[in-house]
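Asks: Quick one: structure below, then a few questions.
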Amino acid sequence: MSFGSVPQVFSRGGLLLACLALFWTTARGQERPETGRIAGRVTLADGMPVPGAIVTVEGTDLRVTTDTAGRFHLMRVPAGPHVLLVRRLGYAPARIGVTLPAGGLVTVKVTLARNWLNMPQIVVTADPTGRARGELGTATVINRDAIEHQTATSLQGILELVPGVPLQPPGLATVQQIPLRSVPTSTPASLVAGGPSAAELAAFGTLIVLDGVPLSNNANLQTTGPRGELGSFLPTGGTGGVDLRLIPASTIERVEVIRGVPSARYGDLSQGVIVVDTRAASVEPATGGRVDPRTIEGNAIYGSAVGVAQRLTTSLDVARTRLQPGLTADAATRVAARVAHRLRIGRSDGPVESAPLALDTRLDLVSLVADNPERPAVFPGRASFGRDLGLRLSERLRVALRGGNSATATLSASYTQQRSRVQALRLRGALPFTDRVTEGTSVGRFVEGQYLSQLRIEGDAWFLYGRLEGDFHAHVLGVDHRFVTGGELRREWNAGAGLMFDIERPPQVTFNGVQGFDRPRRFDVIPPVATSTLYADDRLLLSVLGMTLETQVGLRLDLLHSGTHWFSDVRHAVLQPRVNLQLSPWPWIRLRGGFGRTAKTPAVGSLYPARQYYDVVNVNWFANDPAERLAVLTTFIRDPTNFGLGFAVARKQEAGLEMGTGSRGLALSVLAFNDRTSGGVGFRSVPGFLVRDLYDLADSTSGTGKPPSLIEPLTRADTVPILLGRPDNVLTLDSRGLEATLAIPEIRLLHIRLHVQATWVQTEFRDEGLDFGAAFSDFQIAGSQPRAPFWEGINRTSERALITYRLVYHRPDLGFVVTAVVEHIAKEVTEDIAGVDPLSFAGYVTRTGDLVPVPRAERGNPEFADLQVARSGVTTARQSTPADWFLSLQVSKSLPFGGRLGFYAFNLLDRQGRITGPLSARVFPRLQFGLEVMMPLGAVFGLSEPRP
Amino acid sequence: MCRAGRLSHVIDATCRLRHKASVMLLVSALLTACEHEITLLKPLPTAASPGDGDSAAVDSTAGTLQRATLTIRTHLAPGDAALAATLGLPDGVLPEAAVTVSRVGTAASTVQGTTDSAGATEFSGLLVGRYDVSVLRLLSAAERALLDSSDADVTGFAGGGSGSVSAPSTEFTITTSAGRRGSLVISELFPAMPRIGDQGYNFATYIELYNNTDTTIYLDGKLIGMGPFWFRDFGQTQKGFFPCSLTVQWQDDPDGLWAPMLIRLPGNGTSYPLGPGLAAVVASDAIDHSVVDRRLPNLTTAAFESVGSADVDNPSVPNARTIVLEFQTLGRGMMFFGVGGGIHFVADAVDLNTVPWMRPGSYNNRIPRIPRAKILDVFASSMTPALEATEGMQTPLCDRFINEVFDRQRAVLFDPGEIASIQRRTIGLFDGRVLLQRTKSSAADFISSRLISPGVVR
């Protein structure tokens, strides 16, 4: 399927416009959907009223402040389920679930407390029926109270509340990436050497938005490529998505994980969106810490008003994880600092949305160092070091317009200094070698034995981002619309010194006399990648036959430019219609569905790959006398750049049913989805050939003390077949599955609530390219072999069924919460599907790189006997993990002054999980336990007093 | 243990947890978590006989070790009846033969005995389990003097086998056959792939061939091969891999040796003569490997080397050509020994167009069978007992390692991590030349030696 044709894309856009027109027509003449009212009172546990508390309806702009009696009244609230958020400085925020009937009035009583553990309405699990702000697609919403209780050092730990995400112990031990709605197969290997694994492709396509600005890993070049044999030692993640270790959990206020079809506001994704809001504005000063046998973490946050128009918040988080305490000094250390500033110009009281002008500034600084020093007694010479030093400055200017409309401009510049060093002793047999960096034939030398290979990768990844967006509310044709339209500009590049090593001591010893050694490469000569976007999104509420139909329709156009700026030609364009529907026959039941397309930009390293070197041996004369030796090699250089490389395009669709009576009542969600990413970027093996000169030698008598000489002109030559690894849109990731979430209301007698998440996901990961097999290397060097077989690509299927039970015991009167989490892996299977029998070949390649397909019916013919070989390098055996489960425990207890003490035990019973057979290994991480403490400092040091 | 101090209010609050259940839960969780590393180990029994200390032999129900008595009876092959009569040996049995019994997969587990006049011997107090048995009786000079001219090349009798020993007693009958000196024999192998740093160096391997006859042998076209290597039951442990029940047809084939690796020596028939009592080395790389590690041999004087497109070519050493190779060597020409032992052989020149070929299920290349009549000499070996105990037991050996017509009992000498060579035993000097022992029982004929001596037979 090709997405390269802009006219074709626009024809699909026409179809969408027709759909939009249909909606408008459908809306015409409809009654304005009925709304309702929510009234209530906010008090302390002793009944004392809390004035000045801000009450908002999540997902809307509805907001009100309590009066001196703690009362509030919200008008024109759309019928249906809502979450009320009640906030007051000095108190833990409260979230109350309500279901509002059309034309009705709901009265709520909200109790605030200094400590969220003392509040009856806290929810320490994800909201099963939550919505991201402004989004109708399926989402998981994780609020601060759940984050507080979650054992998390980074965003990764918080995302464990998302259905289908396995539990992991807290810490910074390894690269953390999140592949939404796919099975990160038991086999991390890619289908083709150098290409991404299914998990990496899915993580690459998962968009993370931090404080309204996307994060990007597109310009990360911290990899060694397919030939680099030290790549596995690198402690940083150069492929896949953003390393979640860079986002400390302690600074996060709220996380929205949009697993379904996102609105048109979001782009550069294929799997889903994770929207992260950090803590900002007025935050009581607090400090916290965590210690366990591997990780120690401390954090502090302080927010205050500066005058009447400004708010300033600063936070600091320092964490360190020892990978194997007592055994090695390997450690990962993170320092994250954040400054958030808000300036309101104009009317200074009331919420920021009501200010004529609001300017938000965010300055983020994060350093992540992974240091694995040498252990001379165990692995002499082996050591690695990685450091990401990121700095991001973002500005968001919001201008309030008439009628509740607004315009927002966002600008962001981020810079990440990425440094990797890895070294290891390498051992090679004697071989001819050249260090040429240009094409041509030259006298080489012989190398052999052990050497210390040292590799440095210095990358300076830059990301410029801008967004201009208008948010309009209108009542058109009898229907309330919320219309969002805007545009985005992105520019990404890497200005680092690049991949550096001593050519004679390369990070690679494998050499077959043709496939050459990699050479150093500068990153700062790689051109920037520019993309631009236009989008429009409309959310409207209809009443159909007495039922409420909520609709979100959007259209997004992503353009990948061929030049380095946004005014250059368009290299590839993808039009992305997106539709979400939600029909509510009754307020407590919702039928939901969504369909949409998304697009993911190729990484800078895929658009501008490293040149590939071939070092062909012409003369190999290794005389016993070193003075008589002669090596002659010809270096060929091939550029694998694919000028046709474009976006990966995903098609997302889902349908399901939700039932719920509020966040504390019974809630059930059942959903089926199918996400299919086509054109994921992998490597396509492109056959070709080189001409190898064969020299005859003169003066080759031994004992002369001189090397022989070449007889010229040449009289002989032969061809050597090669494969060029060219980045191409060859990968398909097709995931389908079911997600079910059940939240059972509290059994008051036992103070217990149960939350169950069950997911079943089946993923197919397919390479559309051809497979030339591991034996191609032999074919290259076997001059007498005229041809070699090739096969169709491999299809890797994976399946996982995961059920997570969370049993929550909560005593608000004691400020005590215990959560027992049982993760049950009911099924996990991985299998490669590929023809492996002798007649499974699809054709053959000649020594000049010509591809000749062989019809299936003729493959058994005697003239193809030499091709009828079993496929090498492919194992089709089904790999499965036996069903198993493990238990984790989290305990939180309130402390005086709003503090909290927590204890956690990950994998409490230390269950292993296992893969049977001689290669048996642990599946579940080891038992790990630790303590957490958080203490607000405002009351302790009198910095901030509660102001009821 | 609630102390006063700057954080006393925090500690006090914790100590004053009012809800007993909460405290119990927290304490029990802490205790459970803290106890997880404590493991009590039972003492092992004192080693007293071969295999002691192997937990597999412990009878957990009785609490004692099961021990057995093994009786070895020898039986002369019927074809050697006339020879035995000439030597005056009792009917059908082999007296005064050295018997070696080794428990499979257990280090330091060998015991020896000598057969009595009835050709039998007994070992008591053995742990139950699987045992290898080899029997060897070399002829004395006086006995050799009794032989007819047709049997003048007989140097002794040997045999071997493997089987399970169970309590209270088990009896093995070992058929022994006459061993003849042969012609071109494998005199030494260097399969070492020592770890240098954290990587293996496998370029210094070689096979040494020796002329054990009184006449010149021409090496031209001779084949050096690796025999069938399906001697472990991967079907038991890895789904989709071959079980012994399938591979026995190739492994135990009496008509020839299936060869996944085959190297042909160069020459046109008379180019490379090898005189009586002389040795020729076929090297992976005919270079001085001591440059890399001084413990490795200098092979610059090898007779032949195996070259690929990516390794070096010594112009003064003729190149042997690899004609069958199931394994990828990434351009390195090399003598492939595997990592767990196997069967290696030398054979006369064969027209490969006239022999059977087959392709086992998942193999890339077709594999020829070298006819039995062309096989000159065979070396069969599995891993050393120590290595077998640590590396091999997860994938057990098949019952059949090789057919008796090629080798009667494999040696247990293979350890590629050790810088050591495997050498054929010598019988002594004969007409001023070293006579090598060849009883067609690798267990009896080969020893491991730290003395690496390419090209030299002492």
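The values are calculated or read from the model by the stated rules, or taken from the named source; none is laboratory data. Just so it is clear, the structure is predicted and the values come from calculations on it, not from any experiment. Cβ: placed from backbone, ideal geometry, glycine included. Neighbour counts: every protein chain shown. Heavy atoms of the whole protein, side chains included, go into the accessibility calculation; ligands, DNA and RNA do not. Shrake-Rupley method; radii C 1.70, N 1.55, O 1.52, S 1.80 Å.
Asks: If you take the beta carbon distance between residue A:361 and residue A:442 as r and set R0 to 51 Å, what does 1/(1 + (r/R0)^6) give as a FRET efficiency, to the nearest 0.05?
Replies: Computed FRET efficiency for residue A:361 and residue A:442: 0.35.
Asks: With θ set to phi - 60° and the Karplus curve 6.51 cos²θ - 1.76 cosθ + 1.60, what are the ³J(HN,Hα) couplings of region A:565-572 in order, to the nearest whole Hz, using x for Gly and Pro?
Replies: Working through the residues one at a time gives 9, 7, 9, 7, 4, 8, 8, 7 Hz.
Asks: With a/c under 1.5 counting as rounded, go ahead and sort region B:182-313 into rounded, prolate or oblate using the C-alpha gyration tensor (a ≥ b ≥ c being the square roots of the eigenvalues; past the cut-off, prolate if a/b is larger than b/c, else oblate).
Replies: Oblate shape, in that a/c is at least 1.5 and b/c is the bigger or equal ratio.
Asks: Rg/Rh for region A:460-580: what does it come to with C-alpha atoms and Rh from Kirkwood? It would help to have the intermediate numbers written out before the result.
Replies: Details: Rg = 23.9 Å, Rh = 18.7 Å.
The Rg/Rh ratio comes out at 1.28.
Asks: If you roll a 1.4 Å probe over the protein assembly as shown with all protein chains in place, what percent of the accessible area is carbon or sulfur?
Replies: The value for the protein assembly as shown is 57 percent carbon and sulfur by accessible area.
Asks: Can you pull out the trypsin sites (Lys or Arg not before Pro) in region B:262-340 that DSSP calls coil and that have at most 12 other Cβ atoms within 10 Å?
Replies: Working: sites: B:264, B:294, B:295, B:321, B:332; in loops: B:294, B:295, B:332.
Those satisfying the criteria are B:294.
Asks: Now, a different point. Give, ordered by residue number, each residue of region A:615-633 whose 1.4 Å probe accessible area is reduced by a minimum of 50 Å² on adding the remaining protein chains to the chain alone.
Replies: Residues of region A:615-633 that lose at least 50 Å² of accessible area once the other chains are added: A:620, A:622, A:624.
Asks: Next question. For residue B:270 paired with residue A:464, estimate the spin-label separation in nm (one decimal), with each label point 7 Å from Cα along the Cα-to-Cβ line.
Replies: A separation of 8.4 nm, rounded to one decimal place.
Asks: If you keep only loop residues by DSSP, which chymotrypsin sites (Phe, Trp or Tyr not before Pro) in region A:636-739 have at most 10 other Cβ atoms within 10 Å of their Cβ?
Replies: Those that pass, being in a loop and sparsely packed, are A:643.
Asks: Can you pull out the buried accessible area for chains A and B, both sides counted, probe 1.4 Å, rounded to the nearest 100 Å²?
Replies: Counting both chains, the buried surface is close to 4400 Å².
Asks: Mind running the shape call on region B:80-155? Use the C-alpha gyration tensor, a ≥ b ≥ c as the square roots of the eigenvalues: rounded below 1.5 for a/c, prolate if a/b tops b/c, oblate otherwise. Could the numbers behind the result be given before it?
Replies: On the way: a/c = 3.16, a/b = 2.33, b/c = 1.36.
In terms of gyration-tensor shape, prolate.
Asks: Take A:885, B:258 and sort them by solvent-accessible surface of the protein heavy atoms, 1.4 Å probe, largest at the top.
Replies: Values: A:885 95, B:258 20 Å².
Putting A:885, B:258 in descending order of accessible area: A:885, B:258.
Asks: Could you sort the residues of region B:270-317 by number and keep only those whose accessible area is reduced by 10 Å² or more in the all-protein-chain setting relative to the chain alone, 1.4 Å probe?
Replies: SASA drop of 10 Å² or more in region B:270-317: B:287, B:291, B:292, B:300, B:309, B:310, B:311, B:312, B:313, B:314, B:315, B:316.
Asks: Based on the Cβ-Cβ distance from residue B:98 to residue B:358, what FRET efficiency comes out when R0 is 35 Å, to the nearest 0.05?
Replies: 0.35
Asks: Starting from the Cα of residue B:69, step 7 Å toward the Cβ, then list every residue of region B:112-139 with an amide N under 16 Å from that point.
Replies: Once the point is set 7 Å along Cα→Cβ of residue B:69, B:116, B:120-128 turn out to lie under 16 Å by backbone N, inside region B:112-139.
Asks: Give me the one-decimal nm value for the distance between modelled label points at residue A:754 and residue A:193, 7 Å along each residue's Cα-to-Cβ direction.
Replies: 5.3 nm
Asks: In nanometres, what is the gap between the two model label sites at residue A:524 and residue A:500, each 7 Å from Cα along Cα-to-Cβ?
Replies: According to this spin-label approximation, the distance is 1.1 nm.
Asks: Normalised by the empirical 2.2 N^0.38 Å for globular proteins, what value does the Cα Rg of region A:108-259 take?
Replies: Dividing the Cα radius of gyration by 2.2 N^0.38 Å gives 1.19.
Asks: So, one more: Quick one: plug the Kirkwood hydrodynamic radius of chain A (C-alpha pairs) into Stokes-Einstein at 37 °C, 0.692 mPa s, and report D in µm²/s.
Replies: 108 µm²/s
Asks: Just the C-alpha atoms of region A:87-189: what Rg/Rh do they give, with Rh taken as the Kirkwood radius?
Replies: 1.05
Asks: Still on this structure, please answer the following. Which pairs in the list B:222/B:440; A:827/A:893; A:600/A:827 are over 25 Å apart, alpha-carbon to alpha-carbon?
Replies: Flagged as over cut-off: A:827/A:893; A:600/A:827.
Asks: Quick one: P(r) of region A:850-912 from all Cα-Cα pairs, 5 Å bins, percents rounded to integers, in order of increasing distance.
Replies: Each 5 Å bin holds this share of Cα pairs: 3, 10, 10, 9, 8, 7, 6, 5, 5, 5, 7, 7, 5, 4, 4, 3, 1, 0.
Asks: A follow-up question, please. What whole-number value in Å² describes the accessible area per residue of the protein assembly as shown for a 1.4 Å probe?
Replies: With all protein chains present, the protein assembly as shown gives 39 Å² per residue.
Asks: Taking a probe of 1.4 angstrom, what is the accessible area of residue A:535 in Å², to the nearest 10?
Replies: Its accessible surface works out to 10 Å², give or take rounding.
Asks: Hey, what number do you get for chain A at 222 nm if only DSSP H runs of n ≥ 4 count, each worth -39500 (n - 2.57), divided across all residues, to the nearest 500?
Replies: -1500 deg cm²/dmol
Asks: Additional query: Report the percentage of all Cα-Cα pairs in region B:131-185 whose separation exceeds 15 Å, rounded to a whole percent.
Replies: Looking at region B:131-185, the distances longer than 15 Å represent 58 percent of pairs.
Asks: Could you run the Karplus curve 6.51 cos²θ - 1.76 cosθ + 1.60 with θ = phi - 60° over region A:476-486 and give me ³J(HN,Hα) per residue in whole Hz, x for Gly and Pro?
Replies: Result, ordered by residue: 10, 6, x, 10, 7, 10, 10, 10, 10, 9, x Hz.
Asks: Further question: Consider a paramagnetic label point 7 Å from the Cα of residue A:475 along Cα→Cβ; state which residues of region A:66-101 have an amide N under 20 Å from it.
Replies: A:74-80, A:101
Asks: Residue A:712 label point, 7 Å along Cα→Cβ, cut-off 17 Å on backbone N: hits in region A:685-704?
Replies: Only A:692-699 pass the distance filter.
Asks: Return the FRET efficiency for the residue pair residue A:696, residue A:922: r is the Cβ-Cβ distance, R0 is 56 Å, and the value is rounded to the nearest 0.05. Please list the in-between numbers first.
Replies: Numbers: r = 59 Å, r/R0 = 1.06.
Step by step, r from the Cβ atoms, then E = 0.40.
Asks: Another question, if that's okay. Pop out the ³J(HN,Hα) list for region A:879-894 in order, Karplus 6.51 cos²θ - 1.76 cosθ + 1.60 with θ = phi - 60°, rounded to Hz; leave Gly and Pro as x.
Replies: 10, 9, 9, x, 4, 7, 8, 8, 10, 10, 9, 10, 10, 10, 9, 5
Asks: Under a no-solvent Debye model with one identical scatterer per Cα of region A:598-671, what's log10 I(q)/I(0) at q = 0.11, 0.21 Å⁻¹?
Replies: The computed values of log10 I(q)/I(0) come out as -0.65, -0.98.
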